[in-house]
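The values are calculated or read from the model by the stated rules, or taken from the named source; none is laboratory data. The structure presented is a predicted model; accordingly, all values stated were derived computationally and were not measured. Counting neighbours? That spans all protein chains shown, and the Cβs are built from the backbone with ideal geometry, glycine included.
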Amino acid sequence: MQPSDTLHDAYTQVWWNDTAFDHASAAGGGDMPAGSIAYKKSYSDADGSTETGSTVMEKTAEGWFWASYEPDGTVRLAGEPSLCIDCHAAGQDSILTTTW
């Protein structure tokens, strides 16, 4: 659980698939390879008792695909929403949770 000052609420947890994790762990920089996936859960409290949604980023050959969900699984946004693209533009290859 990490504090967050983004639209993803006050606290987040982030998980990576092996493709993304291996690249971030081994690479000295550069863009994530296609097949990289990041999954983020958002919470309004530090103990994780109040989930406020989840977000998935998947790197494809064409770029990043975003999907954001309500806690009940209802889709908020999907595809290449400008809200996601504009905020994540500040990160290395649109990744804001880690620096490599």
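Before moving on, here are some points about what is shown:
- Scanning region 31-51 for residues that are surrounded by 12 or more Cβ atoms within 10 Å (Cβ to Cβ), under 18 Å from S4 (Cα atoms) and either free of Cβ contacts under 8 Å to residues at least 40 places away in the same chain or touching a Leu at 6+ places or on another chain (Cβ under 6 Å) (or both) yields a total of 7.
- Scanning region 43-84 for residues that are among the charged types (D, E, K, R) and under 14 Å from the mean Cα position of the chain (by Cα), we see that the one that is farthest from D31 (Cα to Cα) is E80.
- Boolean, M57 is buried (at least 20 other Cβ atoms within 10 Å of the Cβ) and at pLDDT 90 or above: yes
- The listed residue being under 23 Å from S4 (Cα atoms), outside any loop (DSSP other than H, G, I, E, B), polar (S, T, N, Q) and in contact with a helix residue (DSSP H, G or I) (Cβ under 8 Å, 6 or more places away or on another chain), out of S54, S25, S68: S68
- Considering only residues in region 61-88 that are farther than 17 Å from D9 by Cβ and touching a Gly at 6+ places or on another chain (Cβ under 8 Å), the one that is surrounded by the fewest Cβ atoms within 10 Å (Cβ to Cβ) turns out to be E80.
- For region 28-51, filtered to residues that are more than 20 Å from R76 (Cβ to Cβ) and in contact with a helix residue (DSSP H, G or I) (Cβ under 7 Å, 6 or more places away or on another chain), the residue that is modelled with the lowest pLDDT is M32.
- Residues (touching a residue at least 24 places away in the same chain (Cβ under 8 Å) and either within 16 Å of L96 (Cβ to Cβ) or among the hydroxyl-bearing types (S, T, Y) (or both)) located in region 52-75: T52, T55, M57, K59, T60, W64
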